[in-house]
Amino acid sequence: METFAAAAPAGSFFPSFVLLVCGTLVAAVLGAAHRLGLFNRLMHKVDKENIRHGGESVAAVLRAHGVRFLFTLVGGHISPVLVACEKLGIRVVDTRHEVTAVFAADAVARLTGTVGVAAVTAGPGLTNTVTAVKNAQIAQSPVLLLGGAASTLLQNRGALQAIDQMSLFQPLCKFCASVRRVRDIMPTLRTAMAVAQSGTPGPVFVELPIDVLYPYFMVQKEMVPAKPPKGLMGRVVSWYLENHLANLFAGAWEPQPEGPLPLDIPQAPPQQVQRCVEILSRAKRPLVLLGSQALLPPTPADKLRDAMETLGVPCFLGGMARGLLGRNHPLHVRQNRSAALKKADVVLLAGIVCDFRLSYGRVLSHSSKIIIVNRNRREMLINSDMFWKPQEAVQGDVGSFMLKLVEGLQGQTWASDWAEELQQADRQKEQSIREKAMMPVAQHLNPVRVLQLVEETLPDNSILVVDGGDFVGTAAHMVQPRGPLRWLDPGAFGTLGVGAGFALGAKLCLPDAEVWCLFGDGAFGYSLIEFDTFVRHKIPVMALIGNDAGWTQISREQVPCLGSNVACGLAYTDYHKAAMGLGAQGLLLSRENEDQVVKVLRDAQQKCQDGHPVVVNILIGRTDFRDGSIAV
């Protein structure tokens with residue numbers, strides 16, 4: 001009762017009393033008989049079931065959907081969820097920052113094709129996840145965020161960490177819901193999981209107020225006074241609270257479905273597929289750009305790879321499609337994309353959109369016939385009213401479309417001189433890169449040479465996690481993922497700080513793979529503390545830091561354009577020693593041991609294989625390899 005008294009400002013007793021009575025009478029008129037019936041039923045069960053709690057319902061749904069990991073940073077609002085998940089065999093992995101938990105869930109979603117799940121506490125716990133949720137939205141990753149909240153009765157009354165969380169996440173998520181009764185937990189979560197994976201995948205948010213998660217007897221103790229206050233108002237308030245409690249828990253433990261709902265995955269209309277077959281069949285210089293959407297379920301990566309090889313069209317691979325054809329495949333073109341697009345007579349954009357990565361469509365030739373396929377019609381047509389026009393805009397699942405397209409073309413082949421022309425341009429670019437690798441730098445190591453050696457050392461079972469600007473931008477030209485779903489970058493949002501979370505999720509999903517993280521030294525600042533997480537949870541990953549003591553991606557543009565390096569300078573910090581302070585292994589590469597780069601990388605591999613997370617601090621100088629690249 002103290003909380004409710006505190007909620008009314010001084011001098012407002014009578015208005016508060018009138019409002020309370022009116023609200024109570026309305027509630028009584030609308031559903032008193034129903035609620036009292038439920039209340040009586042509830043009272044008969046309370047002795048046996050008062051230790052059950054809503055967290056058990058959450059865990060049951062997650063288990064029924066095949067969720068193996070729950071990422072979190074602990075908080076009192078969500079403790080029942082964590083405890084229940086642990087009891088049902090779902091591994092609870094706690095991180096040092098909530099944003100890392102969501103990044104880890106994002107990695108799980110990308111690598112498994114299922115929903116990745118994170119649970120965080122109310123208020124600042126949730127606001128800490130905003131960047132990661134937005135990143136998942138733009139990357140189209142199906143992530144379920146579970147958020148704690150103040151109790152249903154105390155929202156908008158100044159409770160601890162109580163804010164309008166729904167308004168915050170509605171612009172970021174496909175689906176947002178606040179559970180108001182224990183019996184609504186299961187159907188709400190099942191709906192959220194289905195929405196996350198249907199259509200264009202993306203994040204969803206479910207708010208779980210504290211009183212729908214904790215056991216009945218605890219909620220009752222906090223909500224209903226042991227001794228009802230005297231007087232009319234006391235009796236009215238007590239009746240209202242008991243009524244609210246009855247509705248909150250009514251039907252809470254009645255059997256409900258827990259498993260997945262059907263997914264809604266759009267399919268390309270057969271007539272459009274046939275028109276695309278006809279366009280492509282007449283092409284002389286076709287080109288395919290394949291993006292992350294192509295790797296979404298239900299099409300397995302190996303079937304998509306077979307389809308691409310059967311199609312026989314040169315292709316550029318981006319996002320999660322990187323590595324689809326393995327290393328050095330004759331159809332995979334890696335360099336000079338803009339020049340290739342200008343020469344192509346038919347371009348198939350499969351899960352690729354004309355945003356800044358394609359210069360908003362300006363890199364496409366007006367003489368080319370453009371076919372674009374995407375699950376999201378709005379994104380598919382972005383900038384089509386300004387810089388480009390599609391011949392066919394197909395809304396549907398990309399992987400399924402590619403299989404149907406290949407079937408319709410029935411083994412048609414194209415002249416090999418087109419692919420050879422593109423490969424020759426690749427070879428010329430790669431020769432230029434080799435020359436850059438041999439150039440001396442003013443101090444420390446040549447980053448191009450270091451990454452060349454990383455490419456030669458990288459094992460076939462590796463997963464690459466990349467997080468940074470200049471160093472990672474250089475790596476994108478040089479280091480090839482060894483297979484599909486083996487390259488994790490933030491995506492179009494360009495988010496720094498994804499590294500530790502992505503590495504965490506990747507290693508848990510694929511424990512037999514070696515996780516190699518390529519960090520810029522600026523980006524590594526976001527992830528350093530999570531090496532404590534890796535140590536505690538025995539997650540052996542390897543971080544390679546390109547340490548050039550600065551935010552070089554920005555500096556390359558800021559200095560020549562504006563004449564100042566302000567805020568771009570860092571230090572050649574001993575990141576390897578900082579990691580050792582957290583219990584990880586640390587190694588240093590510098591000019592003093594530049595002839596041992598491969599040996600140090602092998603030593604780091606061995607330490608990971610022995611179960612240790614490792615940080616390799618690589619002191620690098622600066623080259624002109626990426627001069628002219630822009631940061632905005």
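The values are calculated or read from the model by the stated rules, or taken from the named source; none is laboratory data. Treat the numbers as computed from the prediction; the structure is a model and nothing was measured. Cβ coordinates were reconstructed from backbone atoms using ideal geometry, including for glycine residues, and neighbour counts include every protein chain displayed.
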Might you let me know whether segment 367-377 holds any residue that is part of a helix (DSSP H, G or I) and within 31 Å of the chain's Cα centre (by Cα)?
yes
Listed residues I554, I545; which is β-branched (V, I, T) and either in the same structural domain as D94 (by TED's automatic domain parsing) or not in a strand (DSSP E or B) (or both)?
I554
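Confirm whether Q431 is farther than 28 Å from T100 by Cα, touching a residue at least 12 places away in the same chain (Cβ under 8 Å) and surrounded by fewer than 24 Cβ atoms within 10 Å (Cβ to Cβ).
Judged against the criteria, Q431 is not a match.
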Residue set A59, A118, A132, A122; condition closer than 24 Å to A321 by Cα and among the hydrophobic types (A, V, I, L, M, F, W, C); output residue A132
Exactly one condition in (1) at positive phi; (2) modelled with pLDDT of 90 or more is not met by A60; state its number.
(1)
Testing T100 on (1) part of a strand (DSSP E or B); (2) surrounded by 24 or more Cβ atoms within 10 Å (Cβ to Cβ), one condition comes back false. Which one is that?
(1)
State which residue is modelled with the lowest pLDDT when the search covers only segment 128-185 and only residues that are out of contact with any Gly (no Cβ under 9 Å at 6 or more places or on another chain) and among the basic types (K, R).
R157
For segment 566-573, state whether one or more residues are touching a strand residue (DSSP E or B) at 6+ places or on another chain (Cβ under 7 Å), of a type outside the set (S, T, N, Q) and free of Cβ contacts under 8 Å to residues at least 24 places away in the same chain.
yes
Among the residues of segment 316-330, which ones are in a helix (DSSP H, G or I) and of a type in the set (G, A, S)?
G319, A321
Matching residues in segment 388-409 - criterion: being buried (at least 16 other Cβ atoms within 10 Å of the Cβ) and without any contact (Cβ under 8 Å) to a residue 60 or more places away in the chain
W388, P390, A393
Criterion: surrounded by fewer than 24 Cβ atoms within 10 Å (Cβ to Cβ) and within 18 Å of G323 (Cβ to Cβ) - qualifying residue of G550, G483, G525:
G483
Picking from T495, T457, T474, which residue would you name as being of a type in the set (S, T, Y), in contact (Cβ under 8 Å) with a residue 12 or more places away in the chain and closer than 23 Å to N336 by Cα?
T474
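Quick one: would you say V614 is of a type in the set (V, I, T), assigned by TED's automatic domain parsing to the domain that holds G494 and buried (at least 20 other Cβ atoms within 10 Å of the Cβ)? Break it down stepwise before answering.
On the way: of a type in the set (V, I, T): yes; assigned by TED's automatic domain parsing to the domain that holds G494: yes; buried (at least 20 other Cβ atoms within 10 Å of the Cβ): yes.
Yes, satisfied.
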What helices (runs of 4 or more DSSP H) lie completely within segment 195-300 and have 3 or more residues being farther than 30 Å from M380 by Cβ?
210-213, 216-223, 231-249
Determine whether segment 562-578 contains at least one residue that is among the β-branched types (V, I, T), over 21 Å from L73 (Cα atoms) and part of a strand (DSSP E or B).
no
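From L422, L405, L409, L445, which residue is over 26 Å from the mean Cα position of the chain (by Cα) and under 30 Å from F502 (Cβ atoms)?
L445
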Among the candidates D627, D595, residue that is part of a loop (DSSP other than H, G, I, E, B), surrounded by fewer than 15 Cβ atoms within 10 Å (Cβ to Cβ) and out of contact with any strand residue (DSSP E or B) (no Cβ under 9 Å at 6 or more places or on another chain)
D627
Take V600 and tell me if it is modelled with pLDDT of 95 or more, under 29 Å from the mean Cα position of the chain (by Cα) and surrounded by 12 or more Cβ atoms within 10 Å (Cβ to Cβ).
no
Selection from segment 135-162 of residues that are over 30 Å from R378 (Cα atoms) and either crowded, with 24+ Cβ neighbours inside 10 Å or of a type in the set (K, R) (or both):
G148, A149, R157
May I ask you to verify whether W414 is buried (at least 16 other Cβ atoms within 10 Å of the Cβ) and assigned to a loop (DSSP other than H, G, I, E, B)?
yes
So which of L88, L42, L38 ends up being at pLDDT 95 or above and over 24 Å from the mean Cα position of the chain (by Cα)?
L88
Report yes if V313 is of a type in the set (V, I, T), in a loop (DSSP other than H, G, I, E, B) and within 30 Å of S462 (Cβ to Cβ), otherwise no.
yes
Over segment 486-506, the set of residues over 13 Å from D106 (Cβ atoms), hydrophobic (A, V, I, L, M, F, W, C) and part of a loop (DSSP other than H, G, I, E, B) is A492, L496
